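Asker: Quick one: the structure is below, and I'll ask about it shortly.
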Amino acid sequence: MKKILYLFSFLFLLSACGNANKTFVDNGYKLRNAPNGAEITLGFDGQESRFFGRAPINRYFGTYKTEGNKLSFGAVGSTMMAGPEHLLAAERDYLQFLHQITTYRLDNNLLILSKENGESLVFERVGKASSLN
């Protein structure tokens, strides 16, 4: 009986680990190789289909839609803090890039967001989306 219980426990853990990164929903990410030494994060709230994060200077937020591997971001709202021009330029470019995203792909702990022309942003999972607040 103990062997059967251990087997079921093992299978449960194995299936839980296997499903850990099948979706980006409710996860938080950090942009790899962000321009100008900036730190950019992105999180997804699955309950309300909302995204949020921190750009180089301001916090940003909005809604998103998915269908299969298709992803689109709605209008982006943000705080309006000032900062150094090179960080403001990086933020502006990033937020404009979001509007052009058409697909996403998950590769282990990476979230790859791509435009139609193939240009991509690569994010690394850093935990739950709630950890970005």
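Asker: Are there any pairs with C-beta distances below 9 angstrom linking a residue in the stretch 89-103 that is more than 10 Å from SER120 (Cα to Cα) to a residue that is of a type in the set (S, T, N, Q) and in a helix (DSSP H, G or I), with the two at least 6 apart or on different chains, and if so which?
Answerer: Close Cβ pairs (under 9 Å, with a partner that is of a type in the set (S, T, N, Q) and in a helix (DSSP H, G or I)) amount to ALA89/ASN36; ALA90/ASN36.
Asker: While we're here: Look at the stretch 77-104 and say how many of its residues are open to solvent by 40 Å² or more (accessible area, probe 1.4 Å) and either touching a strand residue (DSSP E or B) at 6+ places or on another chain (Cβ under 8 Å) or not in a loop (DSSP other than H, G, I, E, B) (or both).
Answerer: Restricting attention to the stretch 77-104, the residues satisfying the condition of being open to solvent by 40 Å² or more (accessible area, probe 1.4 Å) are 78-82, 84-86, 88, 92-93, 96, 99-100, 102, 104.
From the residues that got through so far, the ones that are either touching a strand residue (DSSP E or B) at 6+ places or on another chain (Cβ under 8 Å) or not in a loop (DSSP other than H, G, I, E, B) (or both) too are 78-79, 85-86, 88, 92-93, 96, 99-100, 102, 104.
So the answer is 12.
Asker: Next up: Keeping to the stretch 26-41, report how many residues are surrounded by fewer than 16 Cβ atoms within 10 Å (Cβ to Cβ) and either under 12 Å from LEU113 (Cβ atoms) or over 14 Å from the mean Cα position of the chain (by Cα) (or both).
Answerer: As a first pass, look at the stretch 26-41 and keep what is surrounded by fewer than 16 Cβ atoms within 10 Å (Cβ to Cβ): 26, 32-33, 35-37, 39.
If we keep only those that are either under 12 Å from LEU113 (Cβ atoms) or over 14 Å from the mean Cα position of the chain (by Cα) (or both) as well, we get 32-33, 35-37.
So the answer is 5.
Asker: Do you know which residues across the stretch 42-65 are among the hydroxyl-bearing types (Ser, Thr, Tyr) and either touching a Cys at 6+ places or on another chain (Cβ under 7 Å) or open to solvent by 20 Å² or more (accessible area, probe 1.4 Å) (or both)?
Answerer: Within the stretch 42-65, the subset among the hydroxyl-bearing types (Ser, Thr, Tyr) is 49, 60, 63-64.
Hits for the stretch 42-65 are SER49, THR63.
Asker: How many residues does the stretch 108-132 contain that are open to solvent by less than 70 Å² (accessible area, probe 1.4 Å) and part of a helix (DSSP H, G or I)? Talk me through it step by step, then tell me what you get.
Answerer: Taking the stretch 108-132 as the starting set, the residues that turn out to be open to solvent by less than 70 Å² (accessible area, probe 1.4 Å) are 110-115, 118, 120-123, 127, 129, 132.
Pick out the ones that are also part of a helix (DSSP H, G or I) and you get 129, 132.
Count: 2.
Asker: Need pairs with beta-carbon distance below 9 Å; first residue more than 15 Å from ARG125 (Cα to Cα) and within the stretch 24-38, second open to solvent by 60 Å² or more (accessible area, probe 1.4 Å) and not in a loop (DSSP other than H, G, I, E, B); sequence gap 6+ or separate chains.
Answerer: Once the first residue is more than 15 Å from ARG125 (Cα to Cα) and sits in the stretch 24-38, its partners that are open to solvent by 60 Å² or more (accessible area, probe 1.4 Å) and not in a loop (DSSP other than H, G, I, E, B) give PRO35/HIS86; PRO35/ASP93; ASN36/HIS86; GLY37/HIS86; ALA38/HIS86.
The values are calculated or read from the model by the stated rules, or taken from the named source; none is laboratory data. Bear in mind the structure is a predicted one, so any value in this text is a computation, not a measurement. We place every Cβ from the backbone using ideal geometry, glycine too, and count neighbours over all the protein chains shown. What goes into the accessible areas is simple: the full protein's heavy atoms, side chains included, and nothing from ligands, DNA or RNA. Shrake-Rupley method; radii C 1.70, N 1.55, O 1.52, S 1.80 Å.
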